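Report on the structure given below.
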Amino acid sequence: MRERLLANFLIALEALISNRMRSLLTALGIIFGVAAVIAMLAIGNGTQQELNEQMKLVGVNNIVITPIIEQKEETLNSEESAQEKEKFSPGLRMQDAEAINESIPHIQKISPEIILDTYIIKSGIRRSAKLVGVEPVYFDIFNFNLSDGKMFNDKQIDRGSPVCIIGKSIKNRFFPTENPIGKQLKVGAQWLEVIGVLEQRIISDQSISNLGIRDYNMDVYTPLKTVLVRYENRELITEQMIKGANSNDNSDLTDEQRKAAKNYHQIDRMVLQVEETALLNPIADIVSRLLARRHFDVVDYQIEIPELLLKQQQRSNELFNYVLGAIAGISLLVGGIGIMNIMLASVLERIKEIGLRLSLGAKKSDIVYQFMFESVLISVTGGLLGVILGIALAYIVSHFADIKTIISLSSILISFGVAASIGLIFGITPARRAAQQNPINSLRYE
C-alpha cells in the first residue's frame, strides 16, 4: 500500500513539474490568501499589544480628573454675562480629593498630582523636564517599579523633604557612568537628593499622541508636599489676583504672580481607581456632581475614563480585524475554487492518460490518489509561498507604515493548515471525476 501511494505521489509530482506555469497560476489564490491572513493577524496582534501597553500606562479602572485652565468665552446676553462674572471657583484642590475619598464608596485609591515645567542642571548640563509631585499610591496605580533605590518614606512625605525619584532617561543622561542614588540633582531652584530610579517604560509616539501622556522616563518625581512647600502652592492665589490677572489693569502684580494666576488650580491631575469596571460610569457621574457643588457650578474641570475609550478602540480594531479576516478567507476560498476548476479541466485534458493507466492495471483508487496528490501539492506549495510572502508583507508594513506587527507561530500554522485543507477538500470532486472514467472510452477519446 505504501509503495502504491508513493508511486501515485511521484506521478502527481511529475505532472505538476511538467506544467509548472499552470501549477503556479493555480496556486496564486492560495498564495495571496495565506499571505493576507498572516499579514492581517500580524497587524492585529501588534495593535492588540499596543492597546495592552496603553492600558498599563493609563492604569486599570481609573477615572482621570484634569483642570480646565483656559475656558472659551461664550456669547451671552448682558444679564447672563453679569451672572457669569459673579461665579467663582477655588479650582481643583487637595480638599476635593479628600471630599471624594470621604463621600464616595468603592474608590480604592486616589492620586492627586502637581506637574511643573522646570529644568534640570548637573555638571553644566541643562535639560528641560517635568517635576511631578505625587504620593506613593501613584506608583501602584500606574504599575511603576523601581530598578534601583527605594520609595518615599512617611517622614519624607510628611516633612516635604527635598528628595526625588527619577526616570530611566534622566539617569542615563545625567548619571551615565555612576550610581545616582544619594547624589544631588538641581531641579528648578531646589537641590533634590535622588533616592530611586524607575524602570524603563517603553512608550510609543502613538500612545503619547492618543492618550495625551508624557514620556515618564524624563520625569522627576517628588513628594506632593515637597512641591507645595518648596516650589509652588497655587491655593495661596487669591480671588483678587485672579481677577487682576484676567483684567487689563494688572500692573500691581509681578510676572510670577500674573503667570501663576492664569492657573488657579492647586493640583494638575487627580486619578481615582475604582473597584470594578462596571462602577466607572456611575462613580464618574457622582464625582461630577460633587465637584460641581464644590466649585459653585463652575465647570473648570473635565472627567475622563481612559480605559473605556481604549476598550472602545479595541472593539473597533477587533471588528476591523474580523473584516480583514473575512476578506482573507474569501481569497482562500477563491483559491480553492480555482484549484478545483483547473483540476477539472486537467481531467478532461488527460482522459487518455487516465484510460491508459486504468487499462494497465491501475485501480480507481490510484487515479483518485494521483489527482488528490496534485491538488494538495498545489495548495501546500502555495501555502509555503504564501507564508514567506505574508512574513515579508508584515515586515514591510512595520518598516514603511510605522505600524507595529507581531508574527505569531499560531497564525502561520492556521493559515498553512487551512491552505492544505482547501487543497484536500477542493481536490475530491476532480479526483472522483477522473476515477469514474471508462477505460475503453478514455482510450478512444479525441
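The values are calculated or read from the model by the stated rules, or taken from the named source; none is laboratory data. As the structure is a prediction and not an experimental result, all values here were calculated from the model. Quick reminder, even Gly has a Cβ in these numbers, built from the backbone with ideal geometry, and neighbours come from all protein chains shown.
Structure notes:
- Scanning the range 94-132 for residues that are closer than 15 Å to Leu291 by Cα and modelled with pLDDT under 90 gives no hits.
- Candidates Leu356, Leu360, Leu409, Leu377: the one that is surrounded by fewer than 15 Cβ atoms within 10 Å (Cβ to Cβ), touching a Leu at 6+ places or on another chain (Cβ under 8 Å) and not acidic (Asp, Glu) is Leu356.
- Residues in the range 5-39 that are among the polar types (S, T, N, Q) and either more than 26 Å from Ile367 (Cβ to Cβ) or in a helix (DSSP H, G or I) (or both): Asn8, Ser18, Ser23, Thr26.
- Restricting attention to the range 96-126, the residues that are in contact with a helix residue (DSSP H, G or I) (Cβ under 8 Å, 6 or more places away or on another chain), outside any strand (DSSP E or B) and among the polar types (S, T, N, Q) total 2.
- Residue within the range 230-237 that is at pLDDT below 90, closer than 22 Å to Asn61 by Cβ, of a type outside the set (A, V, I, L, M, F, W, C) and assigned to a loop (DSSP other than H, G, I, E, B) present: no
- Every residue from the range 147-165 that is in contact with a helix residue (DSSP H, G or I) (Cβ under 9 Å, 6 or more places away or on another chain) and either over 24 Å from Val64 (Cβ atoms) or free of Cβ contacts under 8 Å to residues at least 12 places away in the same chain (or both): Ser147, Asp148, Gln156, Asp158, Arg159, Gly160, Ser161, Pro162, Val163
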